[in-house]
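I have placed the structure first, in the form of structure tokens, so that the comments after it can refer back to it.
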């Protein structure tokens with residue numbers, strides 16, 4: 001399970017993950033399934049890195065997931081360029097999913113030499 005998948009799973013359970021000092025906070029804690037706690041502990045460092053992103057970069061996490069799910073396959077050059085610009089800060093921050101998404105965008109870029 002990737003950190004991005006974990007954030008989606010937390011949301012599905014109605015949980016809000018946040019940073020308090022150097023700790024990962026889970027609210028409301030009573031909604032957190034016992035089986036999910038070890039997952040959160042295992043991926044704490046990566047989750048803290050994602051949650052520490054500025055809000056304008058965090059919004060691109062959803063787009064990252066869309067790219068990985070193939071929703072931008074076959075998109076036009078302009079769209080690919082815009083998404084690439086939006087994901088670049090996540091890639092620079094070392095978000096693993098963004099690195100993979102950027103590679104997918106490169107390999108699915110429309111042929112610029114077509115007539």
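The values are calculated or read from the model by the stated rules, or taken from the named source; none is laboratory data. All figures in this text were calculated on a predicted structure; none of them were measured in a lab. Reconstructed Cβ throughout: ideal geometry from the backbone, glycine too, with neighbour counts over all protein chains shown.
The residue list 35, 82 contains one member that is assigned to a loop (DSSP other than H, G, I, E, B) and free of Cβ contacts under 8 Å to residues at least 12 places away in the same chain, which is 35.
Hey, residue 36 hits all of (1) touching a helix residue (DSSP H, G or I) at 6+ places or on another chain (Cβ under 6 Å); (2) buried (at least 16 other Cβ atoms within 10 Å of the Cβ) but one; which does it fall short on? Of the numbered conditions (1) touching a helix residue (DSSP H, G or I) at 6+ places or on another chain (Cβ under 6 Å); (2) buried (at least 16 other Cβ atoms within 10 Å of the Cβ), the odd one out for residue 36 is (1). Residue 46 satisfies every condition listed in (1) touching a helix residue (DSSP H, G or I) at 6+ places or on another chain (Cβ under 6 Å); (2) without any contact (Cβ under 8 Å) to a residue 24 or more places away in the chain except (2). Residues considered: 91, 42, 27, 71. Of these, the only one that is in the same structural domain as residue 102 (by TED's automatic domain parsing) and modelled with pLDDT of 95 or more is 71. If you take the residues in region 49-68 that are out of contact with any helix residue (DSSP H, G or I) (no Cβ under 7 Å at 6 or more places or on another chain) and either modelled with pLDDT of 95 or more or part of a helix (DSSP H, G or I) (or both), which one is surrounded by the fewest Cβ atoms within 10 Å (Cβ to Cβ)? Here the answer is 55. Looking only at residues of region 6-32 that are crowded, with 16+ Cβ neighbours inside 10 Å and either under 18 Å from the mean Cα position of the chain (by Cα) or touching a residue at least 24 places away in the same chain (Cβ under 8 Å) (or both), we find that the one that is farthest from residue 94 (Cα to Cα) is 15.
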